[in-house]
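Have a look at the structure below, then the notes.
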Amino acid sequence: MKDQGDPLARLADALERLAPAALAPSDWRAAPAYVWDGATARPVDRIEAPGLDLLQGIDRQKAAAAENVLRLARGHAAHDMLLWGARGMGKSALVRSAVLAAQDAEPGRLALVQVATDAVASL
């Protein structure tokens, strides 16, 4: 029988292949937005969104969302928001626009995180 080397070293190598080293934690202030995949946060360099002034016909909702996000950026109490409606109605655009406005008013205080439905449990 051939010498297989140190059994503990072989076991450690096998475990490292099964469970690679932990990734470095994300710096949540390094980018304006992130995509959370359930294990890591991928930074997004730029948020694509129209300016709040370009969103028409939703003045009350726009003001409420923008004020709420700005309160959050300033460290004040803010409410959860439930946006509902048909696909393509501008829910995500409103949130992205409100976040951009808050980031302009309070640089470095807020980041947008997109979480896929199947990654919500990992939060």
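Every number here is computed from the coordinates shown, using simple stated rules; none is lab data. Remember, predicted model here, so these are calculated numbers, not experimental data. For neighbour counting, all protein chains shown are included, and Cβ atoms are generated from backbone atoms with ideal geometry for every residue, glycine included.
Taking all pairs of distinct Cα atoms, average 1/r, flip it, and tell me the Kirkwood hydrodynamic radius of the chain in Å to one decimal place.
Taking the inverse mean of 1/r over all distinct Cα pairs, the chain comes out at 17.5 Å.
Relative contact order of the chain, please, whole-number percent, based on alpha carbon pairs below 8 angstrom and at least 6 residues apart.
33
Kindly rank 99-106, 86-93, 5-12 from highest to lowest mean number of other beta carbons found within 10 Å of each residue.
99-106, 86-93, 5-12
Looking at the range 26-122, send over the antiparallel percent of its DSSP beta bridges, to the nearest 5.
Here the antiparallel bridges make up roughly 50 percent for the range 26-122.
Can you order the peptides 26-33, 112-119 by their average number of other Cβ atoms within 10 Å per residue, highest first?
The peptides rank, most packed first, as 26-33, 112-119.
Could you derive backbone 3J(HN,Hα) for the range 77-90 from the dihedral phi with the Karplus parameters 6.51, -1.76 and 1.60 (θ = phi - 60°), listing whole Hz in sequence and x where the residue is Gly or Pro?
Coupling constants for the range 77-90: 4, 9, 9, 5, 10, 10, 9, 10, x, 5, 4, x, 7, x Hz.
Between helix 7-18 and the chain, what is the angle of the helix's C-alpha long axis to the longest principal axis, kept within 0 to 90° and rounded to the nearest 10?
Taking Cα atoms only, the helix is inclined about 20 degrees.
DSSP loop GluC sites (Glu not before Pro) in the range 14-111 with at most 13 other Cβ atoms within 10 Å of their Cβ, which ones?
Hits after loop and neighbour filter: GLU48.
Give me, ordered by chain and number, the residues 5 or more places off TYR34 or on other chains with an amide H under 5 Å from its own placed amide H.
Amide H to amide H, under 5 Å and 5 or more residues apart or across chains, TYR34 pairs with VAL44, LEU112, VAL113, GLN114.
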